[in-house]
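Here the structure is laid out as structure tokens; the discussion comes afterwards.
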Amino acid sequence: MGNFMKAAESLSANQVNVTTEEFQIEGITTGCILHYFQTLNAGDFQATAGLFADDGVMYPPFESGIVGSDAIAAYLQQEAQGIKAYPRQGIVETIEDNLIKVQVTGKAQTPWCGVNVLWLFMLNQQQQILDAKIKLLASPQELLSMRPQK
């Protein structure tokens, strides 16, 4: 966590807010990450999946990894309809092998509930997403109460 704190301190000196019609991400200027949220919220899942490297992996909550842009696009088309992401702030850190680690916190709104979310991205030097982990920040009781009623 120490590196994240250092990155946060360096960002605070020259913090940048990026605004779109739907959200603001404090501390994030990385085009790939901004496009991820813009295309996701627009329902352009092919474009979202196109931001991943050829062997990129998406780790949705409670799912195993989905590998490759075709599989990611198909998953999003089936599972992400009607979901909006509202990222609030993030931290960018360069780690070994010049990989870029991006941590974004915010909220996701589904047709039946809203939940706090942590998105963890790993980018290569070409700013392609190598992996994206989506973690829900809720207690097990909160998650159970969010299940849609049948």
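With the requirement that a residue be among the hydroxyl-bearing types (Ser, Thr, Tyr) and in a strand (DSSP E or B), what does the range 73-123 give you?
Of the residues in the range 73-123, the ones among the hydroxyl-bearing types (Ser, Thr, Tyr) are 75, 86, 94, 105, 110.
Those that are among the hydroxyl-bearing types (Ser, Thr, Tyr) and in a strand (DSSP E or B): Tyr86, Thr94, Thr105.
Search the range 67-85 for residues being over 19 Å from Gln127 (Cα atoms) and among the hydrophobic types (A, V, I, L, M, F, W, C), and hand back the single one that is surrounded by the most Cβ atoms within 10 Å (Cβ to Cβ). Ranking the candidates gives Leu76 first.
Condition check ((1) farther than 22 Å from Cys113 by Cβ; (2) β-branched (Val, Ile, Thr); (3) touching a strand residue (DSSP E or B) at 6+ places or on another chain (Cβ under 9 Å); (4) at pLDDT below 95) across all residues:
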site	(1), (2), (3), (4)
Asp44	yes, no, no, no
Ala49	yes, no, yes, no
Ala53	yes, no, yes, no
Tyr59	no, no, yes, no
Ala71	yes, no, yes, no
Tyr75	no, no, yes, no
Glu79	no, no, no, yes
Glu96	yes, no, no, yes
Leu99	yes, no, yes, no
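Can you work out which of the residues in the range 39-64 that are in contact (Cβ under 8 Å) with a residue 60 or more places away in the chain and surrounded by 19 or more Cβ atoms within 10 Å (Cβ to Cβ) is nearest to the chain's Cα centre (by Cα)? Going through the qualifying residues, I end up with Met58.
The values are calculated or read from the model by the stated rules, or taken from the named source; none is laboratory data. What you see is a predicted model; the values in this text were computed from it and never measured. Here Cβ is always computed from backbone atoms with ideal geometry, including for glycine, and neighbour counts include all displayed protein chains.
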